[in-house]
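The values are calculated or read from the model by the stated rules, or taken from the named source; none is laboratory data. Model, not experiment: these values are computed from the prediction. Positions of Cβ are generated from backbone atoms using ideal geometry, with glycine treated the same way; all protein chains shown enter the neighbour counts. For the accessible areas, the whole protein counts, side chains as well, though only heavy atoms, and no ligand, DNA or RNA atoms are used. Shrake-Rupley method; radii C 1.70, N 1.55, O 1.52, S 1.80 Å.
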Amino acid sequence: QKRIPLNKDVRAMLGVTEAEMDPDSLISAILKSPVDLLWFGGIGTYVKAASEAHAAVGDPANDALRVDGADVRAQVIGEGANLGVTQAGRIEFGLAGGRINTDFIDNSAGVDCSDNEVNIKIALAAAQADGKLPEPERRRLLADMTGEVAALVLEDNRLQALALSIAQAGGAAAMGSQVRLIEALEDLGQLDRKTEGLGASDQLLRRAADGQGLTRPELAVLLSSSKLALQAELELGSLADDEAAQGLILADFPVQLRDHFAPYLLDHRLRREIVATGVANRMVNRMGPVHPFELAEEESATLDQVGHAFLTATTLLEMDGLWSAIDATKMPEAARLALFTHSALALRSHMADLLRSGFHATGPAALARVIAPLVAELSRHTDAQLGNEARVQVAALAAHLETAGAPAKLAAKVAHLFALDGAIGLALLARDSGLAPLPLVAAFVRLGALLGIDWAQSRAALANPQDPWERLLVAGLARDFQQMRGDFLRRLAAGEKGKVDVVALVDRWAQSHDSAIRRFRQIVARAQESTAVSPAVLAQIASQARGLLQRT
């Protein structure tokens, strides 16, 4: 091969000393050069892992120039074509500190665009068949929608990359839950660990013990596999038939179609697939891949029911507005990721309350119509809803987010989601009992103050332990503290006639159980004095509280 001369500037850029190189060696040097971005836009696999043989890559034309992931000195690798890097090579590069996604993340716009095109043409074909859309007008409409379709596709890709960043921010501490998710996806038949290049559970946990979490390529596999698992369950469920799905369907299409052909979009023959894909994407992009599956396990719910809870809770809590504000506001990226992480944790608790209520028999749209005004009223009066302990912890969270660089207004809004903890459950109780929501809140807070369980519930709601079993335990305990108080108030007011003073009922009950309450408060006080409150301590408090509150 003819050797290519290299001048001083080229040698400096590539970080080599040779005055000339053959073409294969030059391309290898380019692949290993210390640059910001290495972008692959054509056919061929150019990077593998050190543990892989060239023969295993399956691209013999590039064997002579291919390099190992650990030898790539670029800060970022982008794959605009398929398989520029093997999955093992991506992981090796990521573990060495490089930033890389996968080819199916970086070049997913093409597939997304094709999906949009198919869905649009199906809707327009129905309009044409009804004589509502002449062919010349159809062509003009398709041309007019080009820019908006591109914007929809780019937004999907942005949110997917953001979801990877949120998941990666969990680092080594998130490994236990992510490994449990890998195992769950394997059980569902949605993931083949060997094919996807994911290590054995014990290997991944050892990596976490060394302080290193999953790389972005590994998280990309979890992201896509969890979306597919959710989508498959949602397609078989009833969510697509609910009125609440209409907004999702319309949002999936350009405004020109929404304005003039909405009935054809809502009657789309791929309606179930469009709704399932939209909900799965929104849930994983905004909450991460772990929370939906942990919720299903924690509450013994189906993934379809989790989808119902997500759509209902995001409507009741107006999450879309909050997420948009976090997206759009200028701040350090670490602060943005922290806001998203905590908002997902809070949303999970509200979804759990819905799952425990058996709400899915009603449906998201019908339930939202009934309790949205009650939730909104409680949201306007969160000061009355919070006990002293909860107020302190919510304020501490807002301060923590501000210290991380989040704007005060957004930090307060995310903390407000925790201040609303239990609001959906109380709204449901108000609906079922006929009692006004604010007096119920007053009784709820009074009961928490008398027993001291506000503190325990707040600690459980804000806890985020690394061990997946402990995560399930504390998440369940946070809901238990909420539910046991609600059930107690329901029983307490059940036999009363006429206008009920629920706070007075709580006080009378407390007077008749004074000695038992004092013994319970001693247990809580000992726990509060501990430097570290373990899930086991919270579980013991919950057990004692449950027994005490059975004495109505």
With all protein chains modelled, accessible area of Arg206 [1.4 Å, Å²]: 130 Å²
Please compute the modelled spin-label separation between Gln246 and Gln203, points set 7 Å along Cα→Cβ, answer in nm with one decimal. 5.2 nm
Are there trypsin sites (Lys or Arg not before Pro) in the range 304-391 that DSSP marks as loop and that have at most 11 other Cβ atoms within 10 Å, and which are they? Lys330
Of Ala361, Ala328, Pro34, farthest towards positive along the dipole that unit charges on Lys, Arg, Asp, Glu beta carbons give the chain: Ala361
Which net charge results for the neighbourhood of Arg369, defined as the other residues with beta-carbon distances under 13 angstrom from its beta-carbon, given Lys and Arg at +1 and Asp and Glu at -1? -1
I need the Debye-formula profile for the chain: one equal scatterer per C-alpha, no solvent, reported as log10 I(q)/I(0) at q = 0.05, 0.06, 0.10, 0.12 1/Å, two decimals. -0.26, -0.37, -0.92, -1.19
Within the chain: Cβ-based charge dipole about Cα centre, in debye rounded to nearest 20 (Lys, Arg +1; Asp, Glu -1): 1800 debye
Report the Cα centroid-to-centroid distance between the range 148-190 and the range 527-552 in angstrom, as an integer. 35 Å
Dividing the alpha-carbon radius of gyration of the range 447-503 by 2.2 N^0.38 Å, where N counts its residues, gives 1.44
Leaving out ligands and nucleic acids, and using a 1.4 Å probe, what accessible area per residue does the chain come to in Å²? 44 Å²
Treating the beta-carbon of each Lys and Arg as +1 and of each Asp and Glu as -1, no other charges, what is the dipole magnitude of the range 53-104 about its Cα centre, to the nearest 20 debye? 160 debye
A 1.4 Å probe over the protein heavy atoms gives the range 1-77 a carbon and sulfur accessible-area percentage of 56 percent
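Under the 0.36 nm per residue contour assumption, what length would be gained going from the current alpha-carbon distance of Asp507 and Lys132 to full extension? Could you put the intermediate results ahead of the total?
On the way: separation 375, 0.36 × 375 = 135.00 nm, distance 6.73 nm.
Fully extending the segment from Asp507 to Lys132 adds 128.3 nm.
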How many Lys pairs in the chain lie less than 21 angstrom apart by Cα atoms, where the lysines are 8 or more positions apart or on different chains? 7
Projected label distance in nm at Ala150 and Glu318, using a 7 Å step from Cα toward the beta-carbon: 3.4 nm
Once all protein chains are kept in place, Thr17 shows an accessible area at probe 1.4 Å, nearest 10 Å², of 130 Å²
Rel. contact order, % - alpha carbon contacts under 8 angstrom, at least six apart, the chain: 10 percent
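In whole percent, and with a 1.4 Å probe on the protein chains, what portion of the accessible area of the range 170-256 is carbon and sulfur?
Numbers: 1680 of 3540 Å².
The C+S portion of the solvent-accessible surface of the range 170-256 is 47 percent.
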Probe 1.4 Å - accessible area at Tyr46, Å² to nearest ten: 50 Å²
Given the C-alpha centroids of the range 191-233 and the range 416-438, what is the distance between them in whole angstrom? 38 Å
Of the accessible area of the range 415-460, computed with a 1.4 Å probe and all protein chains kept, carbon and sulfur make up a percent value of 56 percent
Nearest-0.05 FRET efficiency for Ala55 and Ile4, computed from C-beta distance (R0 25 Å): 0.35
Let me check the size of the range 1-138 from its C-alpha atoms; what are the radius of gyration and Dmax in Å? 21.4, 71
Kirkwood Rh, Cα Rg: Rg to Rh for the range 423-552? 0.99
Calculated FRET efficiency for the pair Asp192/Leu37, C-beta based, R₀ 35 Å, to 0.05: 0.65
Could you work out how far helix 255-266 tilts from the main Cα principal axis of the chain, as a 0 to 90 degree angle to the nearest 10? 70 degrees
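Net charge near Gly237, counting Lys/Arg +1 and Asp/Glu -1 over other residues with Cβ under 14 Å of its Cβ?
Details: positive: Arg271, Arg272; negative: Glu233, Glu235, Asp241, Asp242, Glu273, Asp304.
That works out to -4.
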Given the Cα atoms of the range 201-282, and with Rh set as the inverse mean 1/r over their pairs in the Kirkwood sense, what is Rg to Rh to two decimals? 1.22
In what sequence, highest mean first, do 139-150, 223-234 appear when ranked by Cβ atoms within 10 angstrom? 223-234, 139-150
Given the candidates Ala442, Val179, Ile43, the one whose Cα lies deepest towards the positive end of the charge dipole of the chain, counting +1 at each Lys or Arg C-beta and -1 at each Asp or Glu C-beta, is Ala442
Spin-label point model (7 Å from Cα, Cβ direction): what's the Ser534 to Asp327 distance in nm? 4.3 nm
For Val445, Val255, give me the order by solvent-accessible area with a 1.4 Å probe, most accessible first, ignoring ligands, DNA and RNA. Val255, Val445
If r is the Cβ-Cβ distance from Asp259 to Glu377 and R0 is 41 Å, what FRET efficiency results, to the nearest 0.05? 0.75
Scoring only Lys, Arg, Asp and Glu (+1, +1, -1, -1) among other residues with Cβ under 11 Å from the Cβ of Ile453 yields +1
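Would you kindly state how much longer the chain becomes between Leu142 and Leu159 on full extension, computed as 0.36 nm times their sequence separation minus their alpha carbon distance, in nm to one decimal? Please list the in-between numbers first.
Numbers: separation 17, 0.36 × 17 = 6.12 nm, distance 2.52 nm.
The span from Leu142 to Leu159 would gain 3.6 nm if fully extended.
Ignoring ligands, DNA and RNA, how do His308, His342 rank by accessible area with a 1.4 Å probe, largest first? Don't skip to the end; give the middle numbers.
Numbers: His308 5, His342 45 Å².
So the residues, ranked largest to smallest area, are His342, His308.
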